[in-house]
1. Would you mind getting me the FRET efficiency between THR213 and SER76? Use the beta-carbon distance for r and R0 = 45 Å, nearest 0.05.
2. Do you know the relative contact order of the range 65-216, to the nearest whole percent, from alpha carbon pairs under 8 angstrom that are 6+ apart?
3. Which of ASN75, GLY96, GLY111 sits closest to the plus end of the dipole of the range 28-209, meaning its Cα is farthest towards the positive end, when Lys and Arg get +1 and Asp and Glu get -1 on the C-beta?
4. Using just the C-alpha positions of the range 28-209 as equal point scatterers, what log10 of I(q)/I(0) does the Debye formula give at each q in 0.08, 0.14, 0.16 1/Å?
5. Put a dot 7 Å past each Cα toward the Cβ at LEU37 and SER123; how far apart are the dots in nm?
6. What's the local net charge at ARG200, with K and R +1, D and E -1, over the other residues with C-beta under 9 Å away?
7. Using a simple charge model, +1 on the beta-carbon of Lys and Arg, -1 on the beta-carbon of Asp and Glu, nothing else, what dipole does the range 28-209 show about its Cα centre, in debye to the nearest 20?
8. Considering amide H positions built from the backbone, and no H for Pro or chain starts, which residues 5 or more places from THR91, or on another chain, come under 5 Å of its amide H?
Amino acid sequence: MKKGIIAFALVLSLYACQKDTTTAIDTPVSTIRVNNLAADTIIGITPGVPPRGGMPFGAGKFTFFSLENNKIIPNSDSASTKWDIGLRGTTIITNGGNSGPASGGAYIYVGLFDNLKTISADSVFKVDNAPTAYAISNGSNRGWFVYDGINNLVNPIPGRVLVIRTGSGKFAKLEILNYYKGGVTPAASASDAIKINAQRYYTFRFSFQPNGTKVF
């Protein structure tokens, strides 16, 4: 009788462990859309040169954002682990390397946002080494955008997904949908003044996995 009780308890224990593991892996993630996130700041438009953040036309500050908490983090917390990405003009930094004190990093996945279900085990997360290199390349047609120098417009490249290792060491995927206020790219025929005033307002969507796994 005692042997039967012990065996039953062992089976129950194994079942409980399996159930816990499955629950962790299958934690559902939602996709959140962020509209008009202002990315301080721009230096205006120069033909053939993508607009970047910095002086002399602005304060040169990054807008820090927490993917884990879906909120803007004050600049006073820039030296903390509270933020995951920082945006300034077309530059996007992660909270790691020489951009921040956390263990953040990123790489660019080429493919559809919805098709990225699992981060591959052989994926390599880069870290920032500013000002010469970033985990998310800031070059036109090398990172998330292409710069149309003829029409002075920044356009996200379809099929470029930013895979982010957050400040807390968890994971998120992010797709930039638009770079202009209201999520609407100005017409090519619009004046440079209109384009300057409308740019650096990010619209993007992201999914954050809270349980620490690489499954979305």
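Readers should treat all values here as calculations from the given coordinates under stated rules, not as data from a laboratory. From a predicted model like this one, the values you see are computed outputs, not experimental measurements. A quick note on method: Cβ atoms are made from the backbone with ideal geometry, for glycine too, and the neighbour counts reach across all protein chains shown.
1. According to the calculation, E is roughly 0.90.
2. Answer for the range 65-216 is 21 percent.
3. Most positive-ward Cα: ASN75.
4. Listed by q, the Debye log ratios stand at -0.23, -0.71, -0.94.
5. 1.7
6. Around ARG200, the charge tally is +1.
7. 140
8. GLY53
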